[in-house]
Every structure is written in structure tokens, then in C-alpha cells.
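These notes concern the structure reproduced below.
Where a number appears in this text, it was derived from the coordinates with a stated rule and is not lab data. Here the structure is a predicted model, which is why all the values come from computation and not from measurement. Glycine gets a Cβ as well: all are built from the backbone with ideal geometry, and neighbour counts include every protein chain shown.
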Amino acid sequence: MRFISSKTLADLLLSMAALYSSFWIYELANYFSLVMIGANASLITLGVLPIGTTGISAQPGHVPLVLAKVVQVAISALPMFFLAMGARAKGLTLLQGSSTCLLSLFLASFYWEWLSQITEMSYGLHEILYAAVAIAVQLAITIAMRYHPLPGATRAGQILRSS
């Protein structure tokens, strides 16, 4: 009988914690960005999960709202970026994979947040474009992390570690 190593178990548990915290990170970033422009924001929860943020005075096309969405994406993406880099440095492959996936979704959400500005296309087409952007961002992050060594690491050590 083979048992799971403590490092793998920690990797799995940290990945699950990252997934749960990503809901809070994204919605809190949305909340703070709406508060920043004076939109009378409120956070909506369902049990232990945030399910949305509303801003009463935020109108689509309003310049501060557009800028707030840029801030929201930056605030939500930064923790996942640092988590991915830390997981990569420690060799936690599950956490690195989940945090880069969440990072790509947060970066692709920049497009999703601009949906209110682009009304000429159908919602289905927006969903397809969002998925394409998320896949492209995920691919770019994966390639960048695979072929760019960590500071202070040798190229041979990086190749051996990633195999």
C-alpha cells in the first residue's frame, strides 16, 4: 500500500485553499474597486461563498467604472501571481497549476468586465471570446513559467525539476 507524501498532501490542501480564497479575492477586489469610485457597493454572500457585488451608482460606460474594473483585475491577479511564483519556487506543482489557472481566469476577466462596453455582440459570442482569452493567457503563463528560470537557478536544474 502506497501512502501520499506529506508534501503532496500539503500541495493538495493548499491548492484547495487557493481555489476557495480565489472567490473571496475576486469579489473583494470588485467590492473595493466599486467603493473606490463611490458606487455604494455591497458584497453578497451565500453561506461561506461570496456570489456577487453590487454597485448602485455604477453605470456602464462611466469612466470611473471602467478604471475601477482595471483596478479590480490588478488587485485580484496579483495574489495569484505571487502564489504561483512561490509554489513554483517550492516545487508545489498542484498549487502552481491551480494558481496559474486562477491567474489566467482573473486576467481574462479583464475582457469579461468590459462586456457592458461592447453591446453589439451576442452573449454566446462573448462567452466564446472569454474562453479563448482565458486559454491564450493560460498558455502564455505556462510557456513563460516553463522556459524562464527562477532567479538564482541554473537552466539544467530548472529542466530537471520541471520533468
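One table, with the values for the structure above:
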| item | result |
| --- | --- |
| Ordering of 71-82, 136-147, 42-53 by burial proxy (mean other Cβ atoms within 10 Å per residue, highest first) | 71-82, 136-147, 42-53 |
| Environment charge of LEU34, counting only residues whose C-beta is closer than 15 Å and scoring Lys/Arg +1, Asp/Glu -1 | -1 |
| Neighbourhood net charge (15 Å Cβ-Cβ; Lys/Arg +1, Asp/Glu -1) for LYS69 | -2 |
